[in-house]
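Here's the structure, in structure tokens; my notes come after.
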Amino acid sequence: MRVKRFTGDTISDAMSRIKRELGPDAVILQTRQIKEGGFLGFFARTKVEITAAIEEKPVKNSFVEELPPLRTISTEQIKKAYGEYKEKENEKEKENEYVKEKYSNHNPLDDTKSEIKQMHTILMEIKGQIANFEKQQEALPEPVEKWLNFLKQRGLSQEIAEELIALVTKDLPPDLWTDSSLVFAKLQSQAMKLCRNTETIVPKKNETLVVALVGPTGVGKTTTIGKLAAGFSIIDQKRVALITADTYRVAAVEQLRTFGEIIGVPVEVVMNPEALKEALERHQDKELIFIDTAGRSPYHDLHMSELEAFMNVAQPDLTMLVVNATTNLSDQLMICERFKALSTHLILTKLDESMSAGSILDIIVRANLPVAYFTTGQNVPDDIEAATPQKLAKCILGEVNPDV
Ligand SMILES: Nc1nc2c(ncn2[C@@H]2O[C@H](COP(=O)(O)OP(=O)(O)O)[C@@H](O)[C@H]2O)c(=O)[nH]1
Ligand SMILES: [Mg+2]
């Protein structure tokens with residue numbers, strides 16, 4: 001492992017030095033502003049200092065050279081460019097997490113705090129389970145019980161499953177519960193009611209709409225921004241800019257820039273809230289600006305306050321909390337709790353991979369935020385859908401009645 005400090009007048013200056021000397025796979029460990037020169041503190045110049053590291057073994061990276069010429073955009077090319085970008089990024093992910101842990105100013109107190117939080121979550125879960133067990137003692141009529149089990153198999157929590165059943169029971173007496181078509185239709189319409197709050201991104205007339213995506217690492221924020229940026233710029237012909245505050249990997253940043261060039265969308269890289277502010281000002285001529293943020297661990301207070309600092313400056317019109325449908329329900333709910341105050345909308349991802357997508361109803365009800373989109377695969381720009389109550393209810397209950 002080679003660790004080295006680089007200075008430059010600007011971030012891109014220092015970044016290009018890092019790239020020249022350590023190559024595109026270098027990992028950024030720390031960035032800060034420094035004063036250089038001057039006399040008794042006067043006339044000093046502000047510079048950027050970046051500490052970066054690289055594994056000694058030479059790593060070949062020919063991603064940039066392999067791309068097709070710019071501007072001949074086809075969906076296939078967008079998919080290919082984004083696919084290659086993701087592949088490289090994933091490769092480095094594990095290695096980088098390790099380096100980051102090792103070299104960051106790691107505070108053991110943070111670990112203790114996060115352990116306490118995790119224990120708290122587990123205790124709350126146990127408490128919930130005991131309450132559920134007590135409730136279960138009151139037996140339901142057999143056909144109703146069967147539908148309750150179906151809902152739980154779909155991934156709904158006991159609590160929401162019972163709530164949905166209670167709503168249906170209101171206008172369906174127990175003797176009609178054997179009519180499965182009727183029950184399924186009622187469940188669908190009640191699920192749609194619980195998911196009635198949907199709202200997609202609508203660019204404004206003569207104003208810039210700023211949309212930020214937040215959430216933990218790996219939920220699909222960058223992929224979803226790729227889908228949205230390509231959709232709005234190519235299909236809807238909007239003027240779009242992309243700003244990424246996720247500057248951790250040099251190679252990832254470079255490749256995201258290349259992706260932006262292919263779809264004809266400028267990509268700005270910002271390392272601190274001030275730079276974010278400047279980047280936003282530079283793109284006031286755009287109709288839409290997407291801000292990609294670094295994945296933040298909801299257990300990590302420092303991570304969360306860094307994100308808040310970026311969001312305070314950006315003051316996005318819309319802040320979309322990205323939640324992965326395949327994450328277990330108690331984690332999903334904890335993520336919602338942590339990010340809810342920052343967020344205005346929800347994006348649900350990886351519905352294609354979830355065997356129990358019903359849990360999204362718990363998220364939707366608990367977060368009480370409008371759902372904007374859901375995503376159904378890794379393909380950029382295709383695998384994204386605007387949320388509607390009908391589509392969400394289908395994801396939750398499945399397309400077909402399980403009992404016919
Ligand atoms: N199956 C599936 N995978 C997805 C979806 N969205 C993103 N991914 C994958 O999830 C991984 C993490 O995505 P990324 O956008 O880097 O997450 P980020 O860390 O939140 O920016 C990548 O391998 C993506 O291809 C989706 O809707 N379905
Ligand atoms: Mg990302």
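No lab work stands behind these numbers, since they all come straight from the coordinates. What you see is a predicted model; the values in this text were computed from it and never measured. For neighbour counting, all protein chains shown are included, and Cβ atoms are generated from backbone atoms with ideal geometry for every residue, glycine included.
General remarks:
- Between amide H atoms placed 1.01 Å from N, distances below 5 Å from I384 occur with T376, all of them 5 or more places distant or on a separate chain.
- Listed pairs K117/K152; K127/K350; K227/K394 exceeding 31 Å between Cα atoms: none
- Comparing mean-square fluctuations of I289, I18, I122 from a GNM of the chain with C-alpha springs under 10 Å, the top value falls on I122.
- Springs join every pair of Cα atoms under 10 Å in this Gaussian network model of the chain, and among L348, L109, L280 the largest mean-square fluctuation is at L109.
- Gain upon complete extension [S356, E281; 0.36 nm per residue less C-alpha separation]: 22.7 nm
- Label-to-label distance, S12 versus T217, with points set 7 angstrom from Cα along the beta-carbon direction: 2.8 nm.
- Highest-MSF residue in the chain out of A241, A341, A386 [GNM, Cα springs under 10 Å]: A341
- Globularity ratio of segment 209-387, using Cα Rg and 2.2 N^0.38 Å: 0.97
- Antiparallel %, DSSP beta bridges [both residues in the chain], to 5: 45
- The orientation-averaged projection of the convex hull spanning the C-alpha atoms of the chain amounts to 23.7 square nanometres.
- In sequence order, calculated HN-Hα J values of segment 374-383 (Karplus, 6.51, -1.76, 1.60; Hz; x Gly/Pro): 9, 10, 10, x, 8, 6, 9, x, 6, 7
- Helical contribution to [θ] at 222 nm, DSSP H n ≥ 4, -39,500 (n - 2.57), averaged over the chain, rounded to 500: -15500 deg cm²/dmol
- Kirkwood-based Rg to Rh ratio, segment 191-299, C-alpha trace: 0.99
- Projecting the Cα atoms of L172, L397, M334 onto the dipole axis of the chain, where Lys and Arg carry +1 and Asp and Glu carry -1 at the beta carbon, places M334 farthest toward the positive end.
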